[in-house]
Every structure is written in structure tokens, then in C-alpha cells.
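K.L.:
Below is the structure I would like to discuss, written out as C-alpha cells.
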Amino acid sequence: MKPAPFDYEAPTTVADALKLLGSHEDARPIAGGQSLVPMLAFRLARPSLLVDLNRIPSLSGIEEKGGVLRIGAMTRQAKVLASDVVKRHAPLLVQALENVGHPPTRARGTIGGSCAHADPAAELPSAMIALDATMVIAGSGGERRVRADDFFIGAFETALQPGEILVALELSKQQGVSAFLEVSARKGDFGIVTVAARVAVKDGRCIDAALVLGGIAERSVRCAEAERILKEQGATPKAIDAVLAALPLDAVTMDSRSASAAHRRRLIPELCRRAIEAALASQVTP
Amino acid sequence: MIGQRVLRVEDKRFLRGEGRYVADIALPFMREAYVLRSPQPHARIVSFDASAALALEGVDAVYTAADLPASLTPIPCRIPTHGDMTPFLQYPLARDVVRFVGEPIAVIVASSRALAEDAAELVAIEFEPLPVVADAKAALDPATPKMYPPGNIATQWGFDLGKVDDAFAQADIVVEKSFSIQRHSAMPLETRGLIASYDKARSYLEVWGPTKVPHTNRAMLARMLGMRDGDIRFAEPDVGGSFGARGEFYPEDIFIPYFAIKLGKPIRWIEDRQEHFASINHSRECTFQVKASATKDGRITAFDVVLVADLGAYIRTHGDVVPSHAAASFPGPYAIRNYRVAATAALSNKTPSGTLRAPGMFEANFAREQIVDMLAEKLGMDRAEIRRRNLIKPDEMPWYVGTQSVNRPTLFDSGDFPGLFEESVSRFGWSTPLPKGEGPVRRGRGIVALVEPSGFGPFESARIEIDPAGFATIFTGASNQGQGHETMLPQVAAEVLGIAHDRFRVRHGDTAMIPYGGGSYASRTAVMGANAVHRAALAVKAKALAAAAQMLQAKEDELALDDGKVIVAANPSRFVTLAHIARVLTPGNAELVPAPKDFIKDDHDGLTGEVFLRAIPSGTAVFSVHMADIALDTGTGELKVERYCVSGDVGRAINPMIVEGQLVGGVVQGIGGALLEELAYDEDGNLQTGSFADYLLPSSHEVPRIEALVVEKAKSISNDLGVKGCGEIGISGVAAVLANAIAHALGTGARPTKLPLTTERLLDLVEPGS
Amino acid sequence: MTARNVSFTLNGKPATLAVEPRQTLADAVRQHLGLTGTHLGCEHGVCGACTVLLDGDAIRGCLMLAVQAEGLSITTIEGASPPEGLSVIQDAMQRHHALQCGFCSPGMVLALESLFAHTPCPGEDDIREAISGNLCRCTGYQPIVAAALSVAEKNRANLGAAAPSA
Ligand SMILES: Cc1cc2nc3c(=O)[nH]c(=O)nc-3n(C[C@@H](O)[C@H](O)[C@H](O)COP(=O)(O)OP(=O)(O)OC[C@H]3O[C@@H](n4cnc5c(N)ncnc54)[C@H](O)[C@@H]3O)c2cc1C
Ligand code: FES
Ligand code: FES
């Protein structure tokens, strides 16, 4: 299990990194390496050149400015998990991260790497969608911004074009309370089904809601109809029943030895109910 | 010393990172090997072209079966089997047909492992696929194409004891159920590996990495290559776990040494985890169809069992030992005289199989103990009570089950099963109410009783040497994969010799230092290895006392051993040190053996003792009770093991800390086998689990607090020390007790009959029909 | 690919190695420096046997390339062990019989070093989480957790803290 040979460069600016990525046929960025290096070891990935993003200072850091939280793509998952600013500003992100891997993988693994990798069972994409995050992408033509919901396209497929780099995620202050729940074989594993739930209640009315399922299809699935019901009817027990009846169960396509599609389908309503209830019961109000 | 919780002497080097495992050894001019394995489950090799690989700079050789001696036989079984296994044995490298994904086809030797892997990608092999036998069910279907001329069944056998049909006819109740146990494996944290180096001029082959049964394997290698035993040294380094799978005589154990001879340079092969999944012995895959009967008052009257095991593509060194043990010991700790079993060892295009800690027993317990619960349910009887009524009683010992496995009678030497059972039940609080489940959570409690045969022979060796500086060394024929032999064996010797345990060194697993050795399997080291050390220590003691008696002008029975000295018990100021005695007993020393006047005669032979112990074939039997409380989330199928208690009557615990460690570690390995681990194949014979991301081991989060109750009630009558093996009782009952607890939580009569118990399977039980 | 030089601080001392870019940090310290206490149990990031410390944090030695270590500070088990004897954590592990084959032990020691560096008095949940990415096939984790709790207990006594800080 030794990787196939490749070349390696460690630029210090995004511009240089973009140049290097553009210069090689099969160049690929490496962030925390927690997904890429195993793929190299299995020779499932065979880049000609690895462009290391770890030496580009501008890609790391957490910064709140004008109500928008900007998290550099190279910020380690452990840093985000421990960040008070993130906890205040976007608790759902912290709730999701608690389910991602283990301390040593979070010490290296990055927020951007997880999003760029876009594993269909990963937690962060769902959290990003539920938080209406904006993904900031740099390419040879400059920077562009993509809504999280448009960024995640399919299994291991994102809006990133070859040669582009995800540079940051931008989050407005989280609307409402939230919870992130999942069923996985072991704690720290990718989820069989994950649910990110966010509910904003004001004066007894539900003013905003997000319900995003992960692990069930090529990419995370936003439950638009269920969200609409929540917003229309409020987060009452009756509304929740209606929400559970309106979940997009036919979106489930993941069917594997570890969990059949039918199993994932029956977990969804149960997890959604628990997630909404947990969100409503949670003390963390951003 | 015996019986004390002595800290382990080997820990220091392991904790400091100074353990020396096989991958940590390097030799001058050493080359690295990569084994090119079959990607096909069943295929004819049509062509093989390694020219591009050989053209790569740094690649020394690409060896195939054609490079092995033409006279080379397949790898034989080392254990008696039911019937002739010759047609199903594996050649070290595939000749023209491959029969499982992972079967070795070629060996690439290069200056680095990475380069060898680069070269492997350049080897072009053309295969012609052959029909695949996907599993035992297919193997048993006469319509399935044959893998071998005799067919897809390796062997069938059975027992029919007592009057099974009469028992069923007269029974008050009968229950019936089928159970299936999934393929999984020992999965030690260290993968396998070997380094072989050959000194051609001196005809001396040295191999580092073998373990478990190095002497047996050396003899097999010598026979297969036509070499002398004395031309080969097998040396066991530190070993990162075996649990039954590592250290069998694998194909690599033949071709890596042979190609090192051929190349004329040392070769190191370190298996990677991906290879490990496909090439180490798999285990456990089998099904049981069980029928049992009982009387109204809960007396179990008969078991009727159909056992089918899927042994994979070849029969390996272990033969059919796993289903053989399961068939022989199925009745467990119960006094049952009517027992019938029909066993089949089927072949399929999957990795061959061998033992895994509690071979056959983990499987049989899973089936039998659920059947016992079903009888209790049907009778409306407490589940502890039905067991109580059927346990073999102390006055029935020794108990002969009436079966044999690998030519050994299934015989329980001693035991107070009811005694330990009651102690376990009351310690756990079997009848205390379970906490109520909250919301969707339902709680359940399970109990199982089991007996684990252990400590098999045939023999073990030990030599103890005290050198003229007074340092003591134990040479043991037992091998060590992490069990703590370097502490436990000195404790035994210390007890006899009055030398602190940490002043001994222990040498093991090296055929150059140890002429004969049995090795480590079937929880045998405490039984065989420790008893051998005990007797060797007694021999040293006798010698020391005899010499000291002369030196001190005292009678032997006035002397005692104390802190490295022989003292006159009544007057400890009169003493002679063991170092001094060792100097006196050094060959050539004139004291006590004056020079002969006429003819040469026997000289001193050092302050040493050497023994070769022969064991009774049936070994010892360890009784154990497992109890667990679980919480099942009926909304998600998630299972939490909340409490676990395992007890074992080990006869005598040489080091209770080590015994408890074996029990607790065994339980957690069993939790893996019960809930998480599976080597899964698709219908086409492709291995689906090739990484630790899909073959799941228990982590620190998945395991409960485990209470280990070690008792020393029933000394084994088969050995001086009265010890019984403790290595396997921890794992043996785990799947069974969790299944029983789950069925209890469900309370609907539904039962987990198929392992592993994934959230999906558990939720299926909660919502039948969904 | 040709080898290139990488310089970093290893166990407190400067080190320079010539490595191929594809070589992992774990392979490099093992093969070039003979620091074989860093074990390889899977080479794909799951078992934790290869754990090393990067600026004090436990990371996977098999998931970092050696070339990436340029200028960084790496500690292996050899560097985390005192010149003689055992560290506090190592000693607690021996006392609690927290190892059998020892293959996972260097990684466990370093995972716990990293935990205690951040959280001197962890509770059981913190400990289980800290070692959740380190597989042990022998001990069942219970004695490892007990060992770590005993260190936490000692730290609490020394710090005079009353409750476990989570
Ligand atoms: C034992 C273990 C358990 C894990 N458990 C989980 C889990 O439960 N949930 C989960 O979600 N993940 C899990 N992971 C994976 C997670 O840890 C990784 O961190 C994450 O998937 C990738 O992040 P990374 O920074 O390591 O990226 P890398 O591995 O370096 O890169 C991943 C991919 O993204 C690309 N990439 C990375 N950064 C950028 C960028 N800024 N711009 C463009 N492309 C980029 C790379 O080219 C590569 O293709 C686990 C990993 C391990 C080893
Ligand atoms: S060897 Fe690195 S995690 Fe297993
Ligand atoms: S002690 Fe063997 S793997 Fe942990």
C-alpha cells in the first residue's frame, strides 16, 4: 500500500498554487490528507503533482466581519470544533463536526478538504447546506462564490472545476436552533443516515427552517417540502407529523451491504423527528 | 509469586516504542517483496508476462510457481482431519488456476516496497474466468460446477449418541431454529511479515517473523524444501497479536524463504492491511440447524444439529478443525446424552479459513445458548433456572461428551459448574430488575453458560539455566504474541527457585535456542508452558540442593531456597549462592567432580533443568458464564451494551491481572464479531471488505464496562499447577449473550439468528416484515 | 521520482532526510532513522498505530507525507519517552495492564499525551474520545481508560481542582 510516484510542490500563495495546478495535467491539491492520502495508498488516486495548500497562510483562520463568519478552507476541523466564535455564530457546524472522525483526523483534516472531497456520507456538506453557506472558490479567472446547495453536485463531485481551489466558507449568523444527528456503525464513522436540522422560531412562529439529509444519496438532500411545512405551520407536534410525512424518501439511492436503501428510508423519519425535537430543546441559541 | 498481580516486565519496551516486531528488523543488502495476488475468484491463468516489470530499474526478480522446485508439494494439514484433504490443499503459488481473490500468483522482489508495487502494476496476466462457487449453499447444490474433481465438499462426518429420536418422541417440548455466523477473522493489529536470509556457504537459512508454532512450521518447511531441520532457524520477534490466525504455515512462509535462497539476498515481506484481508485465514463462517427437546421440568433431553461450514477455496494447515470442534463440543456444559450432529465442510471461492480465538465455540455457543433460551421461553421458566437444571454436576466429573475432535476425546477434566454459575448469577444480580427503558429504548438481559476446552498437548518444553553470575534464563517452547509469557513464566519459576520474577529473562520462539517447542494455541501456555517451566524449575532446585548439601555439609532436607541462595533453614547465615553453585557446576570445574584417574566420565552440566512435558490429549475444560444488559433503540436499531460480566473458573490464576486482561480483551473482540465485523463477498466471489473503513473493529466508544470474575475453584487434574487456559472464554460467549439479551428486550419471540447484528438487522427484528 | 531533502525538528533535534515525495512521515522515520516505535497497522488512517505528535497534537503518521514536515516539529514515541524508565502515562499504562501485544501502545501513549496536554483532568468520555481513533485488538480499552483516569486523578490532586474539567 505505497502510493504511486508523484511530484510535490508547496506554494505559499493562492496565486502560485493556482499556477501549479494549471501547469500539470493531473495536479491535485492536498489539504489535511485525511481522505486523499488513503486514496493514494490504495492507488485509487494517482496525481502527477500534489500541490500542498498547507503553507498558504491566507487559507486558514476564522474571522467574523459584518455578521459574516469566514472560515478559511485550510482551517483544521479541530480548530473549528474548539472555536467559541463558531459555537456562537454557527452551532450547527460544531454539532456536525463532533461526528467527524477522531481527534487525530480532526487535527489535520480541514473544513475545506471535507467539502471539496464531498463524500456523500460526510457530515459537513449537510451542515453547509443547512447553514446556507457560501463557498468561496479561486480559479485562474479570479474568485467566485457558490451557494452550498449548488456546490455539492454528486458523490465526490462539486462545483470546483479542475485547477480551482476552495478558499473559504462564509456563513451568516445561524438563524434559529439546531441539531445534528446520525446513525453510524460506530461513533466517528461516516453516517448511514445523517440529519442536520435548524429551526428558527420567533413569537411562536417558525420563520426559517432547514432539514438536510446525508448518507442517503449521491449528495445531501434538502427536504424542501418539509421545510415549507415547518415554516407554514410552526414547529408544533402536529406540524412535525406532517413534516415527517413529507420527507423525500424516494430520494434515497444509497443501497449497500452496510445498510440497504430500505433501512436508510425507515431511519429518516425517526432521525428527523429526533433532530427537530433536539434542536428545539437545545440550549444553544446563536 | 504464583497468584500475584505482578506488573509485566515486557511492558517497558513496548511502551517506549522499543518492541522489535518483524517490520522493525532490517538486514544488510535486504530486498523487499510484494506478493501479486489474484484479482479473480476462480480463473485459469492463460498468460503471464512480467517483462515490463522486470525492466523497471531496481526490480530484482518476478517469481512464479515455475520458479519453485518442481517437486514441491501443496501445503499439508498439520492436524488430523475427517477424511483425506489431499485434493483440496493449496500450492504456495498458484499454478494454472486461481481459486480465490488474494491467492498468491507471483512475488516481486525489488529495492523498495513501493517499487515492487510499481512493478506489480506492470505485470500483465490474462485470465479465463471459471464458474464461481459463491458459498456453502452453492457448494452443496449438485448443479453447481465442481471446483475440484471430487466436488465442492471437503468432508462430512457426524456423531449419533444416545437415543435422539426416542428423546424427541418422548419430549414435552421441542424447539427448532437455524443460525448463521458470518465470516470474519482475528485481525491482529500487526499484519504478518517475514524476513528470510540465507548463508549459502554454510547452508543456513534464518527466518524472522514466524510465531505460534515455529518448530512445527520449520519442520514443514524443511520437509517441503528437502532441507534439514538444523539448516533452518525460525525466530519469533515481538508479535502484535495472533488470536489463532497468525503463525499458521502460510504460502508466504514457504516462498519468501525459498526465494531468499534463490536470490542470494535477504528478502523482507511485510504484508499490508489490504493483503491481510484477502490472505490471512478467515474463520467462523457456518450455519447451524438446531432442534432441541426438553421435559416439562426443564431437563434438556436432546440436541440434533446440522452444521455446515464454509471453509473457502482450500484446506489449509488447520484442516477442518473449526467445525470439528463445534460438532464435538456443541452440547456445552450440559449433561446431555442424546446428541446427534451431521457436519459438512464445504468449499467455496473465498479465502481459505482457519482458527480464530475460541474456534467453533463462539459459533456453537451462539446457536446452543439461544436454543436453551427458547426452551426456557416455551416452558415459561427463568433462563438461569433452565441452565441450573442441566449443568454437569461436580460428581459427574470427569465428563466425557462422547465425541472426538482431531483425534482427541471431548472430555471435561474437572469443574464445579453449578458453583461458579451461582456465584456469577449472584454477583451480577441476575434477578434484580432491569432499569426501565426510556422512550424508544428497550432493555434486555442475557445469560449464557459455556465450557471451553483448552490447553491441548501434545507436549511442551522448558529449560532453565542459571549462569555463573547468578542470572536466570527461561527457554520456553511456547511462543508469545502478547499474552505476557515473559512475566507469567518467571512467576512460576520464581515460586520454586526463590529468585524474584523480574530477574529472569525469557527466550521463546527461536528454534536455534530451543530444540523442541509446542507453541501457542488453544489457551495452552499457562497449562503446558507454565507446567513445563514449573518442572524445569523443580529440576534446577533439586540440582542446587544436591550440590549445596555437599558444599554446606548439610542434608538436603535441611536446606531451603531464598533470594538467590540456598540456605540452611535453621541457620540462614550458612548459605551458598546460586551463582556460586552455578560456578561449581560449570563443566570443567574440578569441585565435586574430581578428574578421573582412568577413563573419561560425565562432567557437570550446569545449574540447568530441562523438561519435555507430555499432556493428556483432552487438555482441560474451563467453565464460564457471561451476562449482559443491553439497551436497544427501537427507533434506530442502535444497540448499547450497558453492563457485561464474564466469569471463568481457571483452576489457578498464575497472574490474575493477566487473566482478567484476557477475559476483558476477549469480550471486546467478541463484541466486534457479534456486532461489527464481517468479511463480506458479493455473489461473484469478490471480497467487499478491503479496508478498516468497511471491516469495523470495536473502538473505545463501542465497549461497555466489563466485569471479570476470575475464580479458582476447580483445579485442573490434568497438570501439576492445576491451571486451565483462560485465553478464549472471554470471546466465546459474547454473540450468544448479546443475542439472548436482545431477544429478551424484544420480548416478542423474535431472535437475532444472523451475525453480525447491524442496526439494520436489529431494526428488522423490531419491525418484522419491514 | 527523485528524492528531495526535508528538514524538520524531530524529538527536539534537527533532522534532515532525503525522501521521495510519496513517502509517508511514518515510513520515513522508520526507514531512514530506525525509529521503529511508530508502527504501521493499516497505512490508511484508521488504526492509529502510526500516531505521532505534530506540535503536540496527535496525528496520523501514515497520512502525512514526509515532505510536508518541512520546518515542523514532530515527536515520536522515542521522543516522548524519558531517557530511562517510563513517563507518567506509560507508567500508568503498565500499572493498569493497558497493553498486551504492545503494537498499539506507542500510538495510545501519544494520543493520551496529546489529550493531557490540552486537558489535564479529563473525564472518562474525554478519554474514550481521545483514543477513539486508536484501535487496540488486545485489551478491550478498559484498562487504557483506567490508566488515563488514574493520571487525571493525580493531576487533579496536584492542581487542587475539584471536578473533572471536560
Ligand atoms: C479514520 C478516519 C475517519 C473519518 N471519519 C470521517 C467522518 O466520520 N466524517 C467525515 O466527513 N469525514 C471523515 N473522515 C475524512 C475526513 O477526516 C477528512 O478530513 C476529509 O474528508 C478531507 O479533508 P482533508 O483536509 O483531509 O482533505 P484531503 O484529504 O487533503 O483532500 C480531500 C480531497 O479534496 C481535495 N481538496 C482538499 N482541499 C481542497 C481545496 N481547498 N480546494 C480544492 N480541493 C481541495 C483534494 O484534492 C482531495 O481530492 C475520516 C477520515 C479518517 C482517516
Ligand atoms: S497505520 Fe496510520 S492509522 Fe493505521
Ligand atoms: S495491546 Fe495489542 S493491539 Fe493494543
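K.L.:
Quote the total accessible area buried by chains B and A together, excluding ligands, DNA and RNA, probe 1.4 Å, nearest 100 Å².
P.N.:
Using a 1.4 Å probe on protein heavy atoms, the buried area is about 2200 Å².
K.L.:
How far apart, in nm, are the 7 Å Cα→Cβ label points at B:TYR400 and A:ARG228?
P.N.:
Simple spin-label model gives 8.0 nm for this pair.
K.L.:
Roughly how crowded by other chains is peptide B:656-663, in terms of the mean Cβ count from those chains within 10 Å of each of its Cβ atoms?
P.N.:
That average works out to 3.
K.L.:
Something else about it: How far is the Cα center of region A:1-36 from the Cα center of region B:154-196, in Å?
P.N.:
A separation of 53 Å, based on Cα centres.
K.L.:
Among C:ARG128, C:ARG60, C:ARG137, which one shows the highest mean-square fluctuation when chain C is modelled as a Gaussian network with alpha-carbon springs under 10 Å?
P.N.:
Per the Cα network of chain C with a 10 Å cutoff, C:ARG137 tops the list.
K.L.:
I want to make sure I understand the PRE zone here: with the label point 7 angstrom from the Cα of B:ASP231 toward its beta carbon, which residues in region B:259-279 have backbone N atoms less than 20 Å away?
P.N.:
Output list for this probe position: B:259-267.
K.L.:
How many partner chain Cβ atoms sit within 10 Å of a residue's Cβ in peptide B:184-191, on average, as a whole number?
P.N.:
The mean count of partner-chain Cβ atoms within 10 Å per residue comes to 5.
K.L.:
Compare the Cα positions of B:LEU161, B:SER203, B:PRO257 along the charge dipole of region B:127-274 (+1 at Cβ of Lys, Arg; -1 at Cβ of Asp, Glu; about the Cα centre) and return the one farthest towards the positive end.
P.N.:
B:SER203
K.L.:
Which far-off residues, 5 or more places away or on another chain, put their amide H under 5 Å from the one on A:VAL201, with H placed in the peptide plane?
P.N.:
Hits under the 5 Å cutoff: A:VAL177, A:ILE207.
K.L.:
May I ask you to derive the FRET efficiency for A:ASP149 and A:GLU64 from their Cβ-Cβ distance with R0 = 22 Å, giving the value to the nearest 0.05?
P.N.:
After rounding to 0.05, the efficiency reads 0.45.
K.L.:
Reported to two decimal places, what Rg/Rh ratio describes chain C when computed on Cα atoms with Rh from the Kirkwood expression?
P.N.:
1.00
K.L.:
Roughly speaking, to the nearest percent, how much of region B:459-614's 1.4 Å accessible area is carbon and sulfur?
P.N.:
Carbon plus sulfur share of accessible area: 53 percent.
K.L.:
How compact is region A:57-172 by the rule of thumb for globular proteins, expressed as Cα Rg over 2.2 N^0.38 Å?
P.N.:
Region A:57-172 yields a ratio of 0.96.
K.L.:
What net charge is computed for the residues neighbouring B:ASN338, neighbours being all others with C-beta under 10 Å from the C-beta of B:ASN338, Lys and Arg scored +1, Asp and Glu -1?
P.N.:
For residues surrounding B:ASN338, the net value is -1.
K.L.:
A follow-up question, please. Tell me the GluC sites (Glu not before Pro) within region A:15-64 that lie in a loop according to DSSP and have at most 11 other beta-carbon atoms within 10 Å.
P.N.:
In loop regions of region A:15-64 (DSSP not H, G, I, E or B), the sparsely surrounded GluC sites (Glu not before Pro) are A:GLU25.
K.L.:
Select from B:TYR91, C:LEU135, C:GLN31 the residue farthest towards the positive end of the dipole of the protein assembly as shown; place +1 on Cβ of Lys and Arg, -1 on Cβ of Asp and Glu, and compute about the Cα centre.
P.N.:
C:LEU135
K.L.:
Could you identify which residue out of A:MET39, A:MET254, A:MET128 has the top mean-square fluctuation in a GNM of chain A using Cα springs shorter than 10 Å?
P.N.:
A:MET39
K.L.:
Just in region B:579-674: which trypsin sites (Lys or Arg not before Pro) are loop by DSSP and have at most 12 other Cβ atoms within 10 Å?
P.N.:
Those satisfying the criteria are B:LYS597, B:LYS601.
K.L.:
For region A:177-281, restrict the atom set to alpha-carbon positions and state the Rg and Dmax in Å.
P.N.:
Taking only Cα atoms of region A:177-281, I get Rg and Dmax of 13.3, 46 Å.
K.L.:
Would you tell me the accessible area of A:VAL167, worked out with a 1.4 angstrom probe on the heavy atoms of the protein chains, in Å² to the nearest 10?
P.N.:
10 Å²
K.L.:
Taking the protein assembly as shown on its own, what percent of its Cα-Cα pair distances exceed 48 Å?
P.N.:
Percent of Cα pairs beyond 48 Å in the protein assembly as shown: 33.
K.L.:
Between region B:214-263 and region B:37-87, what's the alpha-carbon centroid distance in Å?
P.N.:
So the two Cα centres are separated by 17 Å.
K.L.:
Just to check I understand the Karplus step: with θ = phi - 60° and J = 6.51 cos²θ - 1.76 cosθ + 1.60, what whole-Hz values come out for region B:236-251, glycine and proline as x?
P.N.:
8, x, 5, 10, x, x, 9, 6, x, 8, 6, x, 5, 8, 8, x
K.L.:
I've got another one for you. Rank these residues by their accessible area, most exposed first, probe 1.4 Å: B:HIS282, A:HIS24, B:HIS604.
P.N.:
The ordering from most to least exposed comes out as A:HIS24, B:HIS604, B:HIS282.
K.L.:
How big is the C-alpha Rg of region B:459-614 next to the rule-of-thumb value 2.2 N^0.38 Å, as a ratio?
P.N.:
1.09
K.L.:
Sticking with this structure for a sec: Given the protein chains as shown and a 1.4 Å probe, how many square angstrom of A:THR13 are accessible, to the nearest 10?
P.N.:
60 Å²
K.L.:
So which of B:LYS350/B:LYS754; B:LYS177/B:LYS640; A:LYS173/A:LYS231; B:LYS350/B:LYS640; A:LYS79/B:LYS12 end up more than 23 Å apart by C-alpha?
P.N.:
B:LYS177/B:LYS640; B:LYS350/B:LYS640; A:LYS79/B:LYS12
K.L.:
Assign unit charges at the C-beta atoms only (+1 for Lys and Arg, -1 for Asp and Glu), then state the dipole size of the protein assembly as shown relative to its Cα centre in Debye, rounded to the nearest 20.
P.N.:
1140 debye
K.L.:
If you don't mind, there's one more thing I want to ask. Given Cβ point charges of +1 (Lys, Arg) and -1 (Asp, Glu) and nothing else, what value in debye, to the nearest 20, does the dipole of region A:57-172 about its Cα centre take?
P.N.:
So the magnitude is around 360 debye.
K.L.:
A further question follows. In whole angstrom, how far apart do the alpha carbon centroids of region B:366-432 and region B:667-734 sit?
P.N.:
Value for the Cα centre distance between the two parts: 20 Å.
K.L.:
For q values of 0.15, 0.29, 0.33 Å⁻¹, compute log₁₀ I(q)/I(0) with the Debye formula on a Cα-only model of region A:7-52, without solvent.
P.N.:
-0.35, -1.06, -1.21
K.L.:
Would you mind giving the mean number of other chain beta-carbons within 10 Å of the Cβ of each residue in B:4-11, as a whole number?
P.N.:
That works out to 4 on average.
K.L.:
With a point put 7 Å past each Cα toward its Cβ, work out how far A:ALA261 is from B:SER426 in nm, to one decimal.
P.N.:
Using points 7 Å along Cα→Cβ, the separation is 5.8 nm.
K.L.:
Which values of log₁₀ I(q)/I(0), to two decimal places, follow from the Debye formula for chain B at q = 0.05, 0.10 Å⁻¹ with a uniform point scatterer at every Cα?
P.N.:
Once normalised to I(0) and log-transformed, intensities are -0.28, -1.04.
K.L.:
Stokes-Einstein diffusion coefficient for region B:219-344 at 10 °C in a medium of 1.306 mPa s, Rh from the Kirkwood formula over Cα pairs: what value in µm²/s?
P.N.:
Roughly 86 µm²/s, to the nearest whole number.
K.L.:
Charges only on Cβ, +1 for Lys and Arg, -1 for Asp and Glu: so what's the dipole of region C:88-159 about the Cα centre, in debye to the nearest 20?
P.N.:
180 debye
K.L.:
Among A:ASP119, A:ASP84, A:ASP52, which one moves the most in a GNM of chain A with springs linking Cα atoms closer than 10 Å?
P.N.:
Largest GNM mean-square fluctuation: A:ASP84.
K.L.:
On a 1.4 Å probe surface of the protein chains, which of A:ASP250, B:ASP272 comes out largest in accessible area, and what is the full order?
P.N.:
Order by accessible area, largest first: A:ASP250, B:ASP272.
K.L.:
May I pose another question? What's the FRET efficiency of A:ARG205 with A:LYS19 using the Cβ-Cβ distance as r and R₀ = 56 Å, to the nearest 0.05?
P.N.:
So the FRET efficiency works out to roughly 0.60.
K.L.:
Something else: Need one number: nm distance between label points at C:HIS118 and B:TYR516, each 7 Å from Cα along Cα→Cβ, rounded to one decimal.
P.N.:
Rounded to a tenth, the inter-label distance reads 5.7 nm.
K.L.:
At 1.4 Å probe size, put C:THR2, B:THR64 in order of accessible surface, largest to smallest.
P.N.:
C:THR2, B:THR64
The values are calculated or read from the model by the stated rules, or taken from the named source; none is laboratory data. The structure displayed is predicted, hence computed values, not measured ones. Ideal geometry is used to build each Cβ from the backbone, glycine not excepted, and the neighbour counts take in all protein chains shown. When the accessible area is computed, the model is the full protein with side chains, heavy atoms only, and any ligands, DNA or RNA have been set aside. Shrake-Rupley method; radii C 1.70, N 1.55, O 1.52, S 1.80 Å.
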